[in-house]
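Here's the structure we're looking at; comments come further down.
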Amino acid sequence: MLKEQTSHATECRSEDHDKHLCYLTSQGFHLSDADEFKTLINRPKFSCQRCGRHANSNANLCLPEELDIEY
């Protein structure tokens with residue numbers, strides 16, 4: 001199986017950057033714990049203005065912006 005190489009927002013200065021999707025994917029979390037990763041993104045309410053990823057919680061993004069989505 002190929003290991004996906006991704007980068008993360010090194011300019012993010014948040015103390016919680018290790019919880020952001022860009023960091024988690026750069027560490028292979030989406031591959032090593034796919035089910036848990038899916039729980040972070042299965043009903044996204046926020047989009048990152050820096051990397052474009054979508055997440056359920058703004059705590060998982062460097063520069064979150066609320067999406068105008070109703071489920």
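Just give me the residues in region 12-48 being of a type in the set (D, E, K, R), in contact (Cβ under 8 Å) with a residue 12 or more places away in the chain and assigned to a loop (DSSP other than H, G, I, E, B), in sequence order.
Taking region 12-48 and keeping what is of a type in the set (D, E, K, R), we get 13, 15-16, 18-19, 33, 35-36, 38, 43, 45.
This time we only want the ones that are in contact (Cβ under 8 Å) with a residue 12 or more places away in the chain, so: 16, 19, 43, 45.
Those that are of a type in the set (D, E, K, R), in contact (Cβ under 8 Å) with a residue 12 or more places away in the chain and assigned to a loop (DSSP other than H, G, I, E, B): Asp16, Arg43, Lys45.
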How many residues, within region 21-50, are over 9 Å from the mean Cα position of the chain (by Cα) and within 17 Å of Thr10 (Cα to Cα)?
-> 5
Could you list all residues from region 34-55 that are open to solvent by less than 40 Å² (accessible area, probe 1.4 Å) and among the polar types (S, T, N, Q)?
-> Ser47
Taking region 56-70 as the region of interest, how many residues are surrounded by 18 or more Cβ atoms within 10 Å (Cβ to Cβ) and either without any contact (Cβ under 8 Å) to a residue 12 or more places away in the chain or among the aliphatic types (A, V, I, L, M) (or both)?
-> 1
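The values are calculated or read from the model by the stated rules, or taken from the named source; none is laboratory data. Keep in mind that this is a model prediction, so the values were computed, not measured. Backbone-built Cβ (ideal geometry, glycine too); neighbour counts: all protein chains shown. Keep in mind that these areas ignore ligands, DNA and RNA; they rest on the heavy atoms of the full protein, side chains included. Shrake-Rupley method; radii C 1.70, N 1.55, O 1.52, S 1.80 Å.
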